[in-house]
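K.L.:
To start, I am sharing the structure in question, which I have written as structure tokens.
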Amino acid sequence: MSDMQKGLIPALQEVMPGAPHRFCVLHLWKNFTKQWKSKELKGIVWQCAKSTTVAKFEGHMAHLKTINCQAWEYLNKWPKQAWTKAHFSTIPKVDNICNNTCEVFNSRILQYRCKPIITMLEEIRSYIMKTMAARKVKLSGKPGPLCPVQYKRLEKEFHFANQWTPIGCGDNMGLRYEVHMWGNKVEVNLGEWTCTCGVWQLTGMPCRHAIATITHKGGKPEDMCHEWLSIEAYNKTYQHFIEPVQGPQYWAQTQYTHPVPPHKRVQRGRPKKNRRRSVDEDNVTGHKLKRKLAEFTCGRCGQTNHNIRSCKNIGVPVRPKKYVAPSTSNEDDHLLSQDEQALNEAEEAVAHVQQDPVEINLSQPHLSQDSDMELMVNICHNKVVLSQPNLLLSLKVADEEN
């Protein structure tokens, strides 16, 4: 898998003629978004790349053609077996569409790349040696036919397998099934380890349809995974090791002259180590995100995105600290209408208070059989009287000004 470098394509075909070659879809998508900024078109590119069947891929491409014919022509010119899962080769048993493995390795050796060539190669060799030794010990005593990572992938498919119902077709071997879910139908062949969705052939791990069929027959899905996904294949991968190397003081002396480093012209400024990021990526330095400040205004001219020190409007007088922006004519009219409405409501309330006194009789339920309690409230514009048996309370109402 490469990042669509033109020189690597003929070189790989010459060195490894039978190896399948893929493109990183992330870089393909970035080149695509330079010409077409629509979010709908960006999503269709990923839908085409993730399609595992030819029918789904052709459907997404037809939808893209109806929206933008030029975008369809751009994607159609690339070889389909290099960037979409529907046309991938089923030999590698890998469905990766992004070159994340190389990106992770490049980020790990970033601290070594700025050193001289011999020192850089020696430290990269030491890093690879330590990594292989640690991974060899990590899974040396793990039981089970599959690696822990493959078990996690299998558990995710188990969650969706409960929604599918397998139905046998009645063949002599009893290995072909038709799997249903809400009107969708796929064919699973346990004898050939194939499924209509194409995931089983592409990854070597049973898909959700195959898992539903295998469990229906009482089998174990982990027993029907490809041998390259097993823990045994993992241990065979790390059975080799990198030979240790002695220091330069123990190297054999030869009659040839020692290599001299080339003359290096030191440029001005601090050398850059981080790669140039695209527009859609966040500018990350190390492991910390860049701080995003809130929008601020200038204390002189009132414009945004600069302060008084970097202000270029020198002739504008400096605004006071407690500055209130002048309101427009529309805002003044709106505030005036609000004041008039509040004044009218206050006048109506005063007129209501100056009306005749209202007498309200509120009788409470009996507290006991012997005594009754009555509550009489006389509401006047200047006095409130509460009368109860053996209780008289007079409250004077404050003046309207207070």
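K.L.:
So which of Lys93/Lys236; Lys50/Lys80; Lys80/Lys185; Lys42/Lys152; Lys6/Lys56; Lys34/Lys65 end up more than 21 Å apart by C-alpha?
P.N.:
Cα-Cα > 21 Å for Lys80/Lys185; Lys42/Lys152; Lys6/Lys56; rest within.
K.L.:
Give me the one-decimal Kirkwood hydrodynamic radius in Å for the range 183-233, with the sum taken over alpha-carbon pairs.
P.N.:
Taking every pair of different Cα atoms in the range 183-233, averaging 1/r and inverting gives 11.2 Å.
K.L.:
Counting heavy atoms of the protein chains only and a 1.4 Å probe, report the per residue accessible area for the range 175-248 as a whole number of Å².
P.N.:
Counting only protein heavy atoms, the per-residue value for the range 175-248 is 56 Å².
K.L.:
Express the relative contact order of the range 134-282 as a whole percentage, based on alpha carbon pairs under 8 Å and six or more residues apart in sequence.
P.N.:
Reported relative contact order: 21 percent.
K.L.:
Which Rg and Dmax, in Å, describe the Cα atoms of the range 180-265?
P.N.:
For the range 180-265, the Cα-based Rg and Dmax read 26.6, 79 Å.
K.L.:
Run the paramagnetic zone check for Gln70: 7 angstrom along Cα to Cβ, then residues of the range 27-42 with backbone nitrogen under 18 Å.
P.N.:
29-42
K.L.:
Oh, and also: What is the log10 of I(q)/I(0) for the range 37-108, computed with the Debye formula using one identical point scatterer on each Cα and no solvent, at q = 0.24, 0.26 Å⁻¹?
P.N.:
Evaluating at q = 0.24, 0.26 Å⁻¹ gives log10 I(q)/I(0) of -1.08, -1.18.
K.L.:
What's the Cα-based Rg to Rh of the range 144-287, Rh via Kirkwood?
P.N.:
Radius of gyration relative to Kirkwood radius: 1.31.
The values are calculated or read from the model by the stated rules, or taken from the named source; none is laboratory data. Keep in mind that this is a model prediction, so the values were computed, not measured. Methodologically, a virtual Cβ is constructed for each residue, glycine included, from the backbone with ideal geometry; neighbour enumeration extends over all protein chains shown. These area figures cover heavy atoms from the full protein model, side chains too; ligands, DNA and RNA do not enter into them. Shrake-Rupley method; radii C 1.70, N 1.55, O 1.52, S 1.80 Å.
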